[in-house]
Amino acid sequence: MQNNDPLTTQRAIIPKVADELRAAGFDDAEEIGRGGFGVVYRCTEISLDRTVAVKILTTDFDEIDRARFLREQRAMAQLTAHPNIVGVLQAGVTEGGLPYLVMPYHSHGSLESQIRQRGALPVAAGLRLGVKIARAGNRASGGHRASRRETGEHPVDRLR
């Protein structure tokens with residue numbers, strides 16, 4: 001039987017990480033992506049029986065990396081209400097000391113996976129996406145506050 005999920009990867013999950021996630025309340029872990037210093041797993045949150053994405057810091061890390069990961073958690077939590085930024089549902093540390101971040105799982109996959117499967121975006125779709133990314137980046141950087149105070153409008157609104 002063929003798996004039609006575009007996020008299925010060929011990477012095997014490390015058993016220790018699966019055990020760590022299970023102990024933290026997440027089952028059926030399957031790796032779906034890798035970032036700068038973390039790995040993202042699709043899991044079932046046992047207590048609520050829902051599918052979530054769990055980003056976990058699994059590589060060797062020092063205190064600087066750990067602090068950076070925790071800053072990312074706090075920053076994302078502050079941006080949860082933005083429509084173009086993935087929200088944070090929970091953050092924690094496993095019994096074995098692995099920091100993790102729980103986010104909603106989006107089955108449509110990453111932009112990278114969509115482009116790899118379908119090719120380049122049409123110009124209009126690329127422009128719409130660029131505006132969304134600019135809004136999200138502006139919100140994440142805090143630039144929206146100063147710009148609105150000075151001009152009364154959002155700087156990205158000028159792109160419309």
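The values are calculated or read from the model by the stated rules, or taken from the named source; none is laboratory data. A quick note: this is a predicted structure, and the numbers were derived from the prediction, not measured. Here the Cβ is made from the backbone with ideal geometry for all residues, glycine too, and neighbour counts use every protein chain on show.
Before moving on, here are some points about what is shown:
- Residue check, Thr51 assigned to a strand (DSSP E or B), outside the structural domain of Leu129 (by TED's automatic domain parsing) and hydroxyl-bearing (Ser, Thr, Tyr): yes
- Selection from segment 80-110 of residues that are over 12 Å from the mean Cα position of the chain (by Cα) and more than 20 Å from Ala29 (Cα to Cα): Ala81, His82, Pro83
- Positions within segment 91-141 being of a type in the set (A, V, I, L, M, F, W, C), farther than 14 Å from Tyr41 by Cβ and assigned to a loop (DSSP other than H, G, I, E, B), in sequence order: Ala120, Leu121
- When restricted to residues that are of a type outside the set (Phe, Trp, Tyr) and surrounded by 14 or more Cβ atoms within 10 Å (Cβ to Cβ), segment 52-65 contains 8.
- For segment 27-35, the count of residues that are assigned to a loop (DSSP other than H, G, I, E, B), closer than 23 Å to Asn138 by Cα and touching a residue at least 12 places away in the same chain (Cβ under 8 Å) is at least one.
- Yes/no for Arg145 being modelled with pLDDT of 80 or more, assigned to a helix (DSSP H, G or I) and basic (Lys, Arg): no
- Within segment 33-51, considering residues that are surrounded by 16 or more Cβ atoms within 10 Å (Cβ to Cβ) and in contact with a helix residue (DSSP H, G or I) (Cβ under 9 Å, 6 or more places away or on another chain), the one modelled with the highest pLDDT: Cys43
- Criterion applied to Arg34, Arg50 was being of a type in the set (D, E, K, R), more than 15 Å from Val93 (Cβ to Cβ) and under 11 Å from the mean Cα position of the chain (by Cα), and the one residue passing it is Arg34.
- Residue within segment 64-72 that is part of a loop (DSSP other than H, G, I, E, B) and touching a Phe, Trp or Tyr at 6+ places or on another chain (Cβ under 7 Å) present: no
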